Amino acid sequence: MLLSTLSIDDIKNKEILGVVIGTSIRGSNLFRDMAARIADVMGGTARGYEANFSDTVAAAVDEMTRAAQKRGAVAVEGLRIVQSPLPMEKGGLFTVLAYGTAVKGERG
């Protein structure tokens, strides 16, 4: 269970296991860059970037979830997602960090 709320009320005998994180770094490519520049000039949506960003977020959340499960967690409270570009000379990378507090206990 992933929640952006700071606390889960329906877990009995809750034990806080600590912070868990997941990261994903993806690069853009020449074709996505060209399409994004056209969308910027002409107006519109850069669909290639949207799909790549969504995949990157999903990968970071999946990694965080696996880290929580390895620690025996039944949930992650306070889920946060932070993204940051890493500019390069041509194109660039962007990173996504997903983090939250892993908790153990019995679901009510």
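The values are calculated or read from the model by the stated rules, or taken from the named source; none is laboratory data. Keep in mind that this is a model prediction, so the values were computed, not measured. Virtual Cβ from ideal backbone geometry, glycine too; neighbours counted across all protein chains shown. Remember, those area values only see protein heavy atoms, side chains included, never the ligands or the DNA or RNA. Shrake-Rupley method; radii C 1.70, N 1.55, O 1.52, S 1.80 Å.
Residues that are at pLDDT 90 or above and open to solvent by 30 Å² or more (accessible area, probe 1.4 Å) within segment 13-56 comprise Glu15, Ile16, Leu17, Val19, Ile21, Thr23, listed in sequence order. Do we have Gly91 as farther than 11 Å from Ile16 by Cα, surrounded by 12 or more Cβ atoms within 10 Å (Cβ to Cβ), among the small types (Gly, Ala, Ser) and modelled with pLDDT under 95 here? So Gly91 fits the description; yes.
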